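Below is one structure, written out as structure tokens; the observations come after it.
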Amino acid sequence: MQVVDTIAALRSARQGVRGSVGLVPTMGALHAGHIALVEVARQQNETVLATIFVNPKQFGPSEDLAAYPRTLERDLKMLEDAGVDVVFTPTTDLMYPAGYQTYIEVEEVAKGLEGAHRPGHFRGVATVVAKLFNLSQADRAYFGQKDAQQVAVIRQMARDLNFPGEIVVCPTIREADGLALSSRNVYLNPEQRGAAGVLYRALRAAAERYAHGEREPQRLRAIMEQTLKAVPIAQTEYVAVSDPRTMREIETRTDSPLLLSMAVKIGPARLIDNMLLPAHLNTLEHLSHVLGVAEFTDF
Ligand code: AMP
């Protein structure tokens, strides 16, 4: 595995590659969710390029940039064991040198949900991902369903700015109690960790009612809210039922696919989770068609 930390070294590693390249962007502090992306990328490409960069531009001023876990040595070992070919580990100065002044602003799809609660977040995400797309010249890029709106924002950016390639969305990897793996889970103490399974329970409760025919978005939302309320240390920031392509909240009953999503604060951690309905859409086979895109020319 080649570890590169300059633009020149990355470009030369890219030029040395034959066949298709799969890009897996991460902020490090890796877990089995990240490795699952690498595994899908390996199956679909000759070469896998992972990146580790804690992107300051996607953190708000009161967010956890300084506290964000950094475990580079361990991350590199995990990527090597997973069969990654090249890892790009830029510094902040390399990505945003003095005088940096270009940003990407995706509009409608970035407005609600996470966008409403984390002003500037998706501007930072879109900007860094555009840079990584340009630097890597990848044929496919791999993202997790856990950050469903992030994928929708990236898909919109790729479409609007004519980025080539495919965006592949991989299912959320969970702990035994359903908690979505996240680098931020290390912020939880044992009591908080015990409570954190409630996000998935809330999604499952709504999914169960959906499976029995419930289609009223207000009712699905209410079921999630009630489940979350039963755990007092879980502070709900939002609970939403949205259109998975536009990310707009849905107010009237529909048989079209739905995205259930939520952000919940438990102690110092702000946790997010989501689920597509009908439930069979939460699979590698379907996710890219609903949230990602197989071919931009089809759009
Ligand atoms: P992050 O390092 O948190 O920026 O995440 C890097 C990529 O891994 C993003 O595409 C995330 O959506 C994805 N990811 C994070 N957690 C999970 C998970 N539990 N399952 C699947 N993918 C994940």
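Take region 156-168 and flag every residue that is outside any loop (DSSP other than H, G, I, E, B) and either over 13 Å from residue 105 (Cα atoms) or within 10 Å of the ligand (Cβ to nearest atom) (or both).
Of everything in region 156-168, those that are outside any loop (DSSP other than H, G, I, E, B) and either over 13 Å from residue 105 (Cα atoms) or within 10 Å of the ligand (Cβ to nearest atom) (or both) turn out to be 159, 166, 167, 168.
If I ask for residues that are near the ligand (Cβ under 10 Å from one of its atoms) and not basic (Lys, Arg), which ones from region 169-188 would you list?
169, 170, 171, 172, 173, 175, 179, 180, 181, 182, 183, 185
Of all residues in region 1-43, count the ones that are surrounded by 22 or more Cβ atoms within 10 Å (Cβ to Cβ) and of a type in the set (Val, Ile, Thr).
4
Take the conditions of a type outside the set (Val, Ile, Thr) and under 22 Å from residue 168 (Cα atoms) and apply them to residue 95. Does it pass?
no
Of the residues that sit in region 263-284 and are touching a strand residue (DSSP E or B) at 6+ places or on another chain (Cβ under 6 Å) and among the polar types (S, T, N, Q), which one is farthest from residue 62 (Cα to Cα)?
282
I want to confirm something. Restricting to region 169-215 and keeping residues that are among the β-branched types (Val, Ile, Thr) and part of a helix (DSSP H, G or I), which single residue is surrounded by the most Cβ atoms within 10 Å (Cβ to Cβ)?
Ranking the qualifying residues of region 169-215, first place goes to 198.
Do you know which residues across region 36-51 are part of a helix (DSSP H, G or I) and either out of contact with any strand residue (DSSP E or B) (no Cβ under 8 Å at 6 or more places or on another chain) or more than 14 Å from the ligand (Cβ to nearest atom) (or both)?
39, 42, 43, 44
Laboratory data are not the source of any read-out in this text; all were calculated from the coordinates shown. Just so it is clear, the structure is predicted and the values come from calculations on it, not from any experiment. Virtual Cβ from ideal backbone geometry, glycine too; neighbours counted across all protein chains shown.
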